[in-house]
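Undergrad: After the structure tokens below, expect a handful of questions from me.
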Amino acid sequence: MATTERDYYELLGVGRDASHAEIKSAFRRLARELHPDVSEEPDAELRFRAVAEAYEVLSDPERRRTYDRFGRAGLRGGGFSPMDADFGSLSDVFAAFFGETLFGQARSAGPRPTRGPDVAAQVEIDLADAVRGISLDVGVRVARSCETCGGTGAAPGTSPIMCPGCGGAGIVQQVSRTVLGQIVRSGACPRCDGAGRIVETPCERCEGDGRTLEDVPLELDVPAGIHDGQRIRVRGAGHAGTLGGPPGDVYVTVGIRPLEGIERDGDDLHVRASVTMTEAALGSTVTVPTPEGSFEVELPPGTQPGAVHTVRGRGMPSLETGRRGDLLAHVEVRVPTQLTAEQRAEVLRLERELGSEAYRDEDEGFLGRLKSAFR
């Protein structure tokens, strides 16, 4: 199994019941071993990014619950995308993930603004809408900054106070002496849960969170040529961040309702063109379905069963180039199943008059020549 596809718990070397502290400790150890600044192994960077992704998921309680229930598919459905930072040094890694230096010291004096979570949504459109593109109003339920308290979480006329337990840093440190020297351990302040501040009089509307859940209409532009199951990212339309952090994004999965009689293959459309044996022999015009309505296909005389008649530029538009694919009509020839004695005699007479040369195609190939020989 590839490194990036391995179980997150296996990548960190912890059990599924591991505590947050055990997960953090395992990642700190692996980061020191695998970071390209330290390791000389050729796949060190790939392995390092894999364990960083594992920690990014398992250190977040909500993401961890989603992963435990639904695996990676559940994370992708919720719009999760792994951190893709270019860490310059091992110190940068600890600063990015733990908010502290390589030696356990706090990086800043207080909590920083946090980006809001992403939101997942789904819509369904018709195949005809996928041909021309469409604008939709999609309703999403997202957290927005509370208008009553301005996002502070405190009731109007009051303000949050600095947490006396951590002095507003959101982090508390414990220093212990061992035979190896002094060890500094850092963790989120238990009094303020790492916020660095305490709301003494919570806002009634948001109950002190600073955000409220609202049903928000989202205008979604679905491009022509989109495929079933593709996602559209709407930047900045997700949940509001904390402490003034930027909002997350909305990922909308687009489903396309199938149209009877039409099968899509990339940018091409496949349909069936059913004709009688007489129409196939003499040539005919057959009507086939398309997402834009009925379309007439001209079949030349002598059309063979299983022939594919291609109409250029009547398929789906390409997302990359805008050029349209083709419409491919697969010919089905209907043969009479009930003939009177008189009709049967007429068919036999016609067969004798036609002879084998009437069935020979100019470019029939080996199999065609073999059939003619047996006739």
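Undergrad: Filter segment 248-261 for residues that are within 19 Å of the chain's Cα centre (by Cα) and surrounded by 13 or more Cβ atoms within 10 Å (Cβ to Cβ) and give the result.
TA: Once the filter is applied, which keeps residues that are within 19 Å of the chain's Cα centre (by Cα) and surrounded by 13 or more Cβ atoms within 10 Å (Cβ to Cβ), segment 248-261 yields Gly248, Asp249, Val250, Tyr251, Val252, Thr253, Val254, Ile256.
Undergrad: A follow-up question, please. Among the residues of segment 314-347, which ones are under 29 Å from the mean Cα position of the chain (by Cα) and part of a loop (DSSP other than H, G, I, E, B)?
TA: Arg314, Gly315, Met316, Ser318, Leu319, Glu320, Thr321, Gly322, Arg323, Gly325, Asp326
Undergrad: Continuing with this model, one more query. Quick one: what pairs do we get from segment 41-54, first residue within 11 Å of Phe27 (Cα to Cα), second at pLDDT 80 or above and aromatic (Phe, Trp, Tyr), C-beta under 7 Å, 6+ apart or different chains?
TA: Sorted first by the residue in segment 41-54, then by its partner, the pairs are Val51/Phe27; Ala54/Tyr8.
Undergrad: For segment 194-219, which residues satisfy the criterion of being assigned to a loop (DSSP other than H, G, I, E, B) and under 14 Å from Leu243 (Cα atoms)?
TA: Correct list: Gly194, Ala195, Gly196, Val199, Gly208, Asp209, Gly210.
Undergrad: Could you list, in sequence order, all residues of segment 313-358 that are in contact (Cβ under 8 Å) with a residue 12 or more places away in the chain and of a type in the set (S, T, N, Q)?
TA: Ser318, Ser356
Undergrad: To continue, here is another question. Take the residues of segment 304-334 that are modelled with pLDDT of 90 or more, out of contact with any His (no Cβ under 6 Å at 6 or more places or on another chain) and among the hydrophobic types (A, V, I, L, M, F, W, C): which is nearest to Pro223 (Cα to Cα)?
TA: Per the stated criteria, the residue is Met316.
Undergrad: While we're on this one: If you scan segment 258-268, which residues turn out to be in contact (Cβ under 8 Å) with a residue 12 or more places away in the chain and either out of contact with any helix residue (DSSP H, G or I) (no Cβ under 9 Å at 6 or more places or on another chain) or assigned to a helix (DSSP H, G or I) (or both)?
TA: Glu260, Gly261, Gly266, Asp267, Asp268
Undergrad: Kindly list, by first and then second residue, each pair from a residue in segment 280-302 that is farther than 16 Å from Arg314 by Cα to a residue that is of a type in the set (Phe, Trp, Tyr) and at pLDDT 90 or above, limited to pairs with Cβ atoms under 8 Å and residues at least 6 apart or on different chains.
TA: Matching pairs, first to second residue: none at all.
Undergrad: If you go through segment 235-243 one residue at a time, do you hit one that is at pLDDT 90 or above and surrounded by fewer than 17 Cβ atoms within 10 Å (Cβ to Cβ)?
TA: Checked against the condition, which is being at pLDDT 90 or above and surrounded by fewer than 17 Cβ atoms within 10 Å (Cβ to Cβ), segment 235-243 yields at least one hit.
Undergrad: Okay, moving on. Which number in (1) over 23 Å from Val250 (Cα atoms); (2) under 20 Å from the mean Cα position of the chain (by Cα) marks the one condition that Ile161 misses?
TA: (2)
The values are calculated or read from the model by the stated rules, or taken from the named source; none is laboratory data. Since we're looking at a predicted model, the values are computed, not measured. Neighbour counts run over all protein chains shown; Cβ positions are idealised from the backbone, glycine included.
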